[in-house]
Amino acid sequence: MNSAVTTPRGTGTRNTRILGVLTIILMVLLTFCGLIFSGEDINQGSTVRIMYVHVPSIWVAYLAFGMTALCSAIYLSGRNRSLIWDRFSGAAGEIGVLFVAVSLVTGSLWGRLTWGTYWVWDARLTSTAFLFITYIGYLAVRRLGGTHRQRARRSAVLALIAILEIPLVHFSVNVWRTLHQKASVADPNAKVALDGLMLFSLFLGLIAFTMLFAWLVIHRQRSLALEDAVADRGLDAAIEARREEATN
Amino acid sequence: MDLTPRTAGESAGPAKKKRNWIAISFIVVALLAGGVVVTKFLTSAIDYYCNVDEVGVRSGCNGDRRIRVQGIVKQHSVKSVDGTTEFDMTYNTKSIHVVYQGDPGGIFQECIPVVAHGRLLNGTFESDRIEVKHSNQYIEKNKGRLAEANKEAVKCSSQAG
């Protein structure tokens, strides 16, 4: 119960504040590039601008779930099994779920405007929906109760299984015939087919969203540490009360 | 683990294990939702996904069952009369005539890849659902690209030919 000793007083530091300001600047720049400076697509018109949020969102979700799995693996393999890895894992999992939801919503709107439908049960869309549901389950498993170590162990095992869905989602457009288009940039065999400012705006979106993810995950990890500390203090107080009860 | 101090009247017997029913409910809902998603995907996969040149050739792409056909809308073939849209769809020089009740929506236009859901009846594909595919190529709409677009249009008409 000594985690209270290392508990941070708040979730912000000078570095996170700098990171936050840089993220805001890049987001503003992305807004201008995405909505004003970059041109319309020859077929899709202005609808193409959804890409500057849709693609970075799913990228951040992949990154977040990758981090969840990596931190879980470090927790399970580490000698001292520090709970900081579990908290990073949980924080990244929560943010990943948020960004998959953003990706599903923006993708659905994009689909309505280009495909003519909000949703199809195609391999890419279905596997992404399944990924979203899996990580909702992961977050629910984290809240099942028990000690911090019990929570860390069971959720780490689940995170290591759930990460196997990422390649399934990403390569679904190559394995099955799908309505969803193939990768434009992430496919090493494909010729990158995004005109100048479109490609720039997309990369700007990827960087801005990655920084936003970093900012969110640091803060959420710290707030989870505070939540754990509050729970530990409650436990310490209860043990103390029992001791008193026994001695009186 | 409930370590709250007991009051004098309380039994000293083993405390009941407290369960987080909200979390358990979320897990049950997630499992059910996962099952629904997989079932929907498998049900959807029953309709074979065929290219135009595979209709009547590839196993599962017979005209007597409901299928999904993928091809490119042939240039100058789109006609809209009394709420019905008709067009020819081509793939690898093979062509099929499609009749759809309604406006396909999306970015439906000539020379664009589409997926039509329906059945082949007397040589015509009767579709009740059209989805428009867009490629992974993004080209800015500007003057400099007009020549390229025109070149693509010529290419489309030659493919359809």
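List of remarks:
- Proximal charge balance of A:Ala73 [Cβ under 13 Å; K/R count +1, D/E count -1]: +1
- Within 10 Å of the Cβ of each residue in A:112-118, the mean number of Cβ atoms contributed by other protein chains is 6.
- Part-to-part distance (alpha-carbon centres) for the range A:30-50 and the range A:72-94, which is given in Å: 40 Å
- Largest mean-square fluctuation among A:Leu224, A:Leu19, A:Leu125, in a Gaussian network model of chain A whose springs join Cα atoms under 10 Å apart, belongs to A:Leu19.
- Between A:Ala101 and A:Asp236, the FRET efficiency estimated from the beta carbon spacing at R0 = 25 angstrom works out to 0.10.
- Helix-only [θ]222 nm of the protein assembly as shown, DSSP H runs n ≥ 4, -39500 (n - 2.57) each, per residue, nearest 500: -19000 deg cm²/dmol
- The protein assembly as shown: Cα Rg divided by the 2.2 N^0.38 Å rule of thumb: 1.26
- Restraint check, A:Lys182/B:Lys74; B:Lys40/B:Lys74; B:Lys40/B:Lys133, Cα-Cα greater than 30 Å: B:Lys40/B:Lys74
- Considering only A:Val157, A:Val60, A:Val97, the Gaussian network model of chain A with Cα springs below 10 Å gives its largest mean-square fluctuation to A:Val157.
- Chain A, relative contact order [Cα under 8 Å, separation at least 6], %: 33 percent
- Environment charge of A:Leu125, counting only residues whose C-beta is closer than 15 Å and scoring Lys/Arg +1, Asp/Glu -1: +4
- Sites A:Ile207 and B:Lys94 - FRET efficiency at Förster radius 41 Å, r taken between beta-carbons, to 0.05: 0.35
- Charge context of B:Ser95, other residues only, Cβ under 10 angstrom, K/R +1, D/E -1: 0
Throughout, read-outs are computed from the coordinates displayed, never taken from laboratory work. Keep in mind that this is a model prediction, so the values were computed, not measured. Virtual Cβ from ideal backbone geometry, glycine too; neighbours counted across all protein chains shown.
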